[in-house]
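Remarks on the structure that follows.
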Amino acid sequence: MQISKVVEKMQPSGIRAFFDLVLGMKEVISLGVGEPDFVTPWQVREAGIYSLEQGFTSYTSNKGLYKLRLGIHRYLKNKFGLDYCPDEEILITVGVSEGLDLALRSLINPNDKILIPQPSYVSYGPVTELAGGIPVYIETSKDGFKITPKLLEKHIDKKTKGIVLNYPANPTGISYRRKELEEINKVLSKHNIICISDEVYGDLTYDFVHVAYPTLTKAKNNTVYLNGFSKSYAMTGWRVGFACGPKEIIAAMTKIHQYTIMCVPITSQMAASEALVSARKSVEEMKREYNRRKEFVVAELNSLGLRCQRPQGAFYVFPSIKSTGLNSLDFSRKLLEEEKVAVVPGTAFGARSEGYIRISYACSMDNLREALNRIKRFLEKKR
Amino acid sequence: MDEILEILEKDGRANIEDIAKMIRKKPNEVKKAIKKYEKEGAILRYKAVINKELIKDSEAEVRALIEVNIVPQKDLGFDKIAERIYSFPEVNSCYLISGTYDLLVVVEGKNLHTVSNFVAEKLSCLENVRGTTTHFLLKKYKEDGVILKHRSENKRIAISY
């Protein structure tokens, strides 16, 4: 069968084989998981169950339940002073993944360029290509994994349409303060570049207050703000995200959404709506717990000679393993085979992230401690 | 609440070095803080939470919640009588509460008999105790925030982006 050329050209992730190896092994301590180790807070699960008991099993409006959109409107207003109209400027999506896809498809004309700072979450590039765009990767490892005005200027040309920004970032855990963001914003607005801002880890920011991109100077009209319930509320499997932006882009995104998805499952929307009402405290508790684990992991890794930056958000650290002389994939594979600890090779997040691994600290302190002991033993053998 | 207490409340065995790393302080500072809490009595002691239903060779224990109505004592209110009650080793916990009765007393004994004897011979006979209602505990589901059930396995897939 003749598969579409674009799809055929898409690189099936080079580390698929490694992932299969992990999934086939038993009793592995996994530091390779990109989701919280908490289960969804009970009151949220209960709201989902109750909605089923009540017989809420139908479609909802394409944009999503009004009550959920209103809840999101209030959350953004309280937290950031952002004013998105629940009728025209908010769309409920199947996780941030769908929001990203819709935003790119709504914006891209053939061969438009989209800037993607790397290392980055795995889908940004392929989804850009599927939408007919050209991903332009910007390597940031020499700049502390942060995008800078200088790097931006170097990569922008006439065909540059947008950028996918993600902070706090997967896989590095870095984030930006307002001043840094304003500098980025200045460059982007000068060139009239649209910012698709993936802020799904925004609630998990540790050392300072998270700054939402649309709150920057005159940025709101040029921003698609993406967020969701997966990470902060431990709701990955429910698949609920939301996109906010100027009404033209939300209308365009809704057009695609109504033909492809129709609407997000009602049970999930009901649960998400409850999360906004009653689970804010759980979010804070989980954040405090992550923060302690982060400090523990960073201290341990640095003492083992695996240098890493202190993350400012999310639940990942991205240490350098260059001192071992192994490449990312070999390091990960050997660590798995010899010590049964799973991590994700840095190269999963960009070809040039060679020499790094991603460690997720979304796992219990006991497992974390044991895994780090095993990594220590592993390093002693290798050195 | 201080983060050190927050950590210890969840895991009484957390060691000083780990706590220090978690909250970015020096081990010595953490040690000092803990000593201070212990001295002040903020930390009273460290104990394990045991699910006794799983311990086959232990002598079965019976627990009862006893509602106690009392006549408060002049000048001393409820405290003096409460003290007389909670000083019995059989009493596991004792609370002064609002509502239709005054003290809620949790009593533990080897079997129904020992608990009943305690109520009949010791508790009810106290001068200021007006009456008691005893509820025997049938099953424990959750205690002090801990669900007494085998922890369910982690259902996440082992690796994901």
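The values are calculated or read from the model by the stated rules, or taken from the named source; none is laboratory data. These figures come from a predicted structure and were not determined experimentally. Every residue, glycine as well, gets a Cβ built from its backbone with ideal geometry; the counts of neighbours run over all protein chains shown.
I'd like to verify a number: residues in region A:2-51 that are over 17 Å from A:Met286 (Cα atoms), more than 10 Å from every other protein chain (Cβ to nearest Cβ) and in a helix (DSSP H, G or I), how many?
13
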- Query: Under the condition of being in the same structural domain as A:Thr347 (by TED's automatic domain parsing), of a type in the set (Gly, Ala, Ser) and surrounded by 11 or more Cβ atoms within 10 Å (Cβ to Cβ), which residue from region A:1-50 is nearest to the chain's Cα centre (by Cα)?
  - Reply: A:Gly34
- Note on the structure: A:Ala103 fails exactly one of (1) away from chain B (no Cβ under 14 Å); (2) surrounded by fewer than 19 Cβ atoms within 10 Å (Cβ to Cβ); (3) farther than 22 Å from A:His210 by Cα, namely (2)
- Task: Of all residues in region A:188-237, count the ones that are surrounded by fewer than 21 Cβ atoms within 10 Å (Cβ to Cβ) and at positive phi.
- Result: 2
- For B:Glu121, the lone unmet condition from (1) out of contact with any strand residue (DSSP E or B) (no Cβ under 9 Å at 6 or more places or on another chain); (2) within 14 Å of chain A (Cβ to nearest Cβ) is (2)
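Here's a check for you: in region A:120-155, which residue that is polar (S, T, N, Q) and part of a loop (DSSP other than H, G, I, E, B) is nearest to A:Ala351 (Cα to Cα)? Steps first, please.
Step one: list which residues in region A:120-155 are polar (S, T, N, Q), which gives A:120, A:123, A:128, A:140-141, A:148.
Subsequent filtering for residues that are part of a loop (DSSP other than H, G, I, E, B) retains A:120, A:123, A:140, A:148.
On the way: A:Ser120: 10, A:Ser123: 14, A:Thr140: 12, A:Thr148: 20 Å.
Top of the filtered list is A:Ser120.
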- Select from region A:13-49 the residues that are touching a residue at least 12 places away in the same chain (Cβ under 8 Å) and of a type in the set (Phe, Trp, Tyr) and list them in ascending order. A:Phe18, A:Phe38
- Task: Scan A:Ile116, A:Ile92 and give me the residue that is more than 19 Å from A:Lys231 (Cβ to Cβ) and buried (at least 21 other Cβ atoms within 10 Å of the Cβ).
- Result: A:Ile116
- Query: In this structure, does A:Lys287 turn out to be surrounded by fewer than 19 Cβ atoms within 10 Å (Cβ to Cβ) and part of a helix (DSSP H, G or I)?
  - Reply: yes
- Does B:Tyr46 qualify as being in a loop (DSSP other than H, G, I, E, B) and either of a type in the set (Asp, Glu) or more than 27 Å from B:Val146 (Cα to Cα) (or both)? no
- Can you pull out the residues in region A:289-308 that are more than 20 Å from the chain's Cα centre (by Cα) and within 8 Å of chain B (Cβ to nearest Cβ)? A:Arg292, A:Glu295, A:Phe296, A:Ala299, A:Glu300
- Residues of region A:328-378 being among the hydroxyl-bearing types (Ser, Thr, Tyr) and either modelled with pLDDT of 95 or more or in contact with a strand residue (DSSP E or B) (Cβ under 9 Å, 6 or more places away or on another chain) (or both), in sequence order, are A:Ser328, A:Ser332, A:Thr347, A:Ser353, A:Tyr356, A:Ser360, A:Tyr361
- Identify all residues within region A:340-383 that are part of a strand (DSSP E or B) and more than 21 Å from the chain's Cα centre (by Cα); write none if there are none. A:Val341
- Query: When the residues of region B:93-132 are filtered to those that are closer than 18 Å to B:Phe78 by Cα and touching an Asp or Glu at 6+ places or on another chain (Cβ under 7 Å), which remaining residue is surrounded by the fewest Cβ atoms within 10 Å (Cβ to Cβ)?
  - Reply: B:Leu96
- Residue under evaluation A:Lys142, criteria (1) modelled with pLDDT of 95 or more; (2) farther than 19 Å from A:Met262 by Cβ; (3) charged (D, E, K, R), criterion not met: (1)
- Tabulated pairs, region B:12-40, first more than 14 Å from chain A (Cβ to nearest Cβ), second among the basic types (Lys, Arg) and assigned to a helix (DSSP H, G or I), C-beta under 9 angstrom, 6+ apart or interchain: none
- Select from region A:128-144 the residues that are buried (at least 21 other Cβ atoms within 10 Å of the Cβ) and farther than 15 Å from A:Ile194 by Cβ and list them in ascending order. A:Thr140
